[in-house]
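Only one structure is covered here, and it is reproduced in the block below.
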Amino acid sequence: MEALTSPVLIARTAEAARLHAIIDATADGAPGLAIVSGEAGVGKTRLVDAAIDHATRRGLQVVIGHCVQLGTEGLAYAPLVEALRPLTRGDGDELDTVLGPARDLVMRLTNGGGADGDPLAGSQVLELVLGLVERLAAIRPLLIVLEDLHWGDRSTLELAAFLGQNLRGIPAALLLTYRTDEVDRRHPLRALQSAWERNRVGTRLELARFDRDEVRTLLAAILGAEPDPDTLDVVFERSEGNAFLAEEIFGAVRAGDPRGLPPSLKDILLARLDGLAPVTEELLRLAAIAGRAVPERLLVAASGRDEGEVLAAIRGAVEAHLLVIDDAGHGYRFRHALARDAVVDDLLPGERVRLHARFAEVLAADPELLAGTRLSTAATLAHHAYAALDLPTALTASIAAGREASAQLAPHDAVGQFERALQVWPRVPVEALPDGIDQAEVLRLAAVAAAGAGDIDRALSFIEQGTAELPIDADPARRAEFALVRNVQLLSLGRARDSVELLTATLDDLPPGPTPIRAEVEAALATALMRRIEPERSAAHARAAAASAHATGALRVEADALTTLGSSLGLQGDPAGINHVRAGVERAVASGHAYTILRSWINLSDLLETWGRSAESIAAAEAGLAAAERYGMLRTFGTYAIGNLAESLVRTGEWARARELIDASLRRLPEGVFEASAQIVRAELA
């Protein structure tokens, strides 16, 4: 089969020069950001490949990740997982040094996540990835390529935005690509575009179509000789300068009479199927339903055919330039998304349902078909089952996918999966509903995920609906679990009075005696009362919480309660509060719970400074700062620790160090109350 693509980069001289300049600057130690956009088929990938070649020649490390489309959704953190996976293949001290505090994050993402362990907030993930980028770039300048952001999930888009804003001082360049024709005004990437434009961040390159002379150069590169004028006219007029279309139309012209050229791109691409064996056509339709890429094992299983027959048929699709081996080597992808779109568009509605059903059936029977790939079995099964109108399977799979996304540190994606489950729930017969979970629990899970995504109002709405869905005879302990989730949202919205009322009523409903849930409610109530500046009531509930938690072995809750107790006593002028907070620090460190560790160190340093014990306060704040760096919380609670540290340094006369710390903290671009706390100290220094 003759080549359809040009062996060299055509035109794009100015664009390539700008990318090369960014890469050259990074090789010399400067950060960079470039965003390459354009319609499908205009040549983004060829330009990026040329930039990667230049980066390699300049000695840069290159990590590459592609966003993965799954129906209308993107796969959570797909490009990050792809980019990080090579790092996990190293060993020894060098790997430990590179991964540093991000080791747990990298292993959780690349090994498929897990529900165990202290969950990470989205802001922690961003900081840990940035720290990893810093350590990698310190070894050798780095180029990070994230392709197809139009298919990116919300978590990936947040990561791209965060890295784009925070590479300052790091010898690393970020190269992003997306399709402009996939980004409408409701697309989440639109907000990111606006922010880049508003802040004039990075270099934006929107690729235009080729003019007639550039199409001539393209055809000459493919032919190895000048094209005849008639062929050039046909290709240019029909492609309108789109590079991919020009190549496809040129292939159609070479294969037959130019006057008999099919009337549309879709017809041109589908005409390529006409000469293929029926089994190859069937597999192409199946592959198109799977997405732009499909693992080989999954395609073989869904086809229901012998593996040898399938591989022989796939070879025909590869030789026809419709499929290529995917980057990971696990399967195949369409040479271009437009080719896949043409095949999908040609399917009848009934055919689509039937093909989705085949994928759902084989995945339900053998979840290991996706082992070793970037694809989530639960999310993929949910997508195909939903498209196949198999709602019971879609419901169960969506819940599993939501839980998996939460464990994979992608709360935005988790919310989407739980919402789909809630939409499907009323349409599933009672006898087909999943065992071990009810609608109220799905709403609670959705609330937790929404809170993790920073959508407090949505989280509150979910948990209030979930509470209303609880059975009348629901166990008080279960009602308390829902109240604790609701309480977090109320406090986040500044509704401490409502929080106190909720938790007081919840506590009254619980049976007396020490239990883990009673300890947790008591501790939460003590914290809410602290927000209400009611230290005496807060201390009373904190004592009860600490005693109940100690009796039941709830180490994290005991640490939290002791910290609140000490702080409440400190507000009442009792220096004994310091000892209680120290005990809280000890229990928090033993529990390993990041937020509780940070809270206890910060409260201890604050209380010590209140009593004029600045040297001890400095030591406590430094310990809190080290923990913040370890857990990826420098931009959030680490800012509080820095503020406390700076205040004590001012008292001891170390003003220069205090100013350096605050300035460094603000360079990390903390937000909201965290930025405010640093700005207040900065103002006091001024």
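The values are calculated or read from the model by the stated rules, or taken from the named source; none is laboratory data. A quick note: this is a predicted structure, and the numbers were derived from the prediction, not measured. Cβ sites come from the backbone with ideal geometry, for glycine too, and all protein chains shown count toward neighbours. Just so you know, the surface numbers come from the protein's heavy atoms only, side chains and all, with ligands and any DNA or RNA stripped out. Shrake-Rupley method; radii C 1.70, N 1.55, O 1.52, S 1.80 Å.
Rundown of residues vs (1) among the charged types (D, E, K, R); (2) open to solvent by less than 50 Å² (accessible area, probe 1.4 Å); (3) in contact (Cβ under 8 Å) with a residue 24 or more places away in the chain; (4) not in a helix (DSSP H, G or I), yes/no style:
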position: Ala540; (1), (2), (3), (4): no, no, no, no
position: Arg556; (1), (2), (3), (4): yes, no, yes, no
position: Asn579; (1), (2), (3), (4): no, no, no, no
position: Leu604; (1), (2), (3), (4): no, yes, yes, no
request  = Go through the range 218-235 residue by residue and tally those that are crowded, with 16+ Cβ neighbours inside 10 Å and not hydrophobic (A, V, I, L, M, F, W, C).
outcome  = 2
query = So, in the range 293-321, of the ones that are outside any helix (DSSP H, G or I) and more than 22 Å from Leu370 (Cβ to Cβ), which residue ends up nearest to the chain's Cα centre (by Cα)?
reply = His321
request  = Enumerate the pairs (first residue in the range 521-538 and farther than 20 Å from Ala549 by Cα; second residue anywhere and part of a helix (DSSP H, G or I) and of a type in the set (Lys, Arg)) with beta-carbon separation below 9 Å, excluding pairs fewer than 6 apart on the same chain, so at least 6 apart or on different chains.
outcome  = Arg532/Arg497
Flag if Thr563 is of a type in the set (S, T, N, Q) and more than 13 Å from Thr596 (Cβ to Cβ) = no
query = From the set of residues in the range 586-641 that are within 30 Å of the chain's Cα centre (by Cα) and of a type in the set (S, T, N, Q), which is farthest from Arg682 (Cα to Cα)?
reply = Ser591
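Every residue, every condition in (1) surrounded by fewer than 24 Cβ atoms within 10 Å (Cβ to Cβ); (2) of a type in the set (Lys, Arg); (3) in contact with a Ser or Thr (Cβ under 6 Å, 6 or more places away or on another chain), yes or no:
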residue: Thr380; (1), (2), (3): no, no, no
residue: His384; (1), (2), (3): no, no, no
residue: Leu391; (1), (2), (3): yes, no, no
residue: Leu395; (1), (2), (3): no, no, no
residue: Ala401; (1), (2), (3): no, no, no
residue: Ala405; (1), (2), (3): no, no, no
residue: Pro411; (1), (2), (3): no, no, no
residue: Ala414; (1), (2), (3): no, no, yes
residue: Glu419; (1), (2), (3): yes, no, no
inquiry  = If I filter the range 618-641 for residues that are touching a residue at least 24 places away in the same chain (Cβ under 8 Å), over 21 Å from Ser123 (Cα atoms) and among the polar types (S, T, N, Q), do I get at least one hit?
reply    = no
inquiry  = From the list Leu395, Leu389, exactly one residue is over 18 Å from Arg108 (Cβ atoms), outside any helix (DSSP H, G or I) and at pLDDT 90 or above. Which is it?
reply    = Leu389
remark   = Given (1) open to solvent by 30 Å² or more (accessible area, probe 1.4 Å); (2) modelled with pLDDT of 85 or more, Ala621 misses just (1)
message = Can you name every one of the strands (runs of 3 or more DSSP E) wholly within the range 138-209 that holds 2 or more residues which are open to solvent by less than 10 Å² (accessible area, probe 1.4 Å)?
response = 142-147, 172-179
request  = Quick one: in the range 635-663, of everything that is assigned to a helix (DSSP H, G or I) and among the polar types (S, T, N, Q), which residue is nearest to Leu604 (Cα to Cα)?
outcome  = Asn644
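Identify, please: which residue in the range 664-674 is part of a helix (DSSP H, G or I) and open to solvent by 70 Å² or more (accessible area, probe 1.4 Å) and is, among those, farthest from Leu604 (Cα to Cα)?
Top of the filtered list is Arg667.
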key: Test: Arg285 is open to solvent by 10 Å² or more (accessible area, probe 1.4 Å), in contact with a strand residue (DSSP E or B) (Cβ under 6 Å, 6 or more places away or on another chain) and either without any contact (Cβ under 8 Å) to a residue 40 or more places away in the chain or not aliphatic (A, V, I, L, M) (or both)   = no
remark   = Selection from the range 11-48 of residues of a type in the set (S, T, N, Q) and free of Cβ contacts under 8 Å to residues at least 40 places away in the same chain yields Thr13
ask   = Is there any pair with a first residue in the range 308-325 that is under 13 Å from His336 (Cα atoms) and a second that is open to solvent by less than 50 Å² (accessible area, probe 1.4 Å) and acidic (Asp, Glu) whose Cβ atoms are under 8 Å apart and which are 6 or more apart or on different chains, and what are they?
value = none
query = Quick one: is Ala293 at pLDDT below 90, in contact with a helix residue (DSSP H, G or I) (Cβ under 7 Å, 6 or more places away or on another chain) and within 21 Å of Val42 (Cα to Cα)?
reply = no
note = Only one of (1) touching a His at 6+ places or on another chain (Cβ under 9 Å); (2) crowded, with 21+ Cβ neighbours inside 10 Å; (3) modelled with pLDDT under 80 does not apply to Ala51, and that is (3)
query = Based on what the data block shows, is Leu484 farther than 26 Å from Gly577 by Cβ and not β-branched (Val, Ile, Thr)?
reply = no
task = Scan Leu484, Leu491, Leu443 and give me the residue that is of a type outside the set (Gly, Ala, Ser), open to solvent by less than 30 Å² (accessible area, probe 1.4 Å), modelled with pLDDT under 95 and within 29 Å of Pro514 (Cα to Cα).
result = Leu491
Unmet requirement for Val500, which otherwise passes all of (1) over 20 Å from Ala450 (Cα atoms); (2) of a type outside the set (Asp, Glu); (3) in a helix (DSSP H, G or I); (4) open to solvent by 30 Å² or more (accessible area, probe 1.4 Å) = (4)
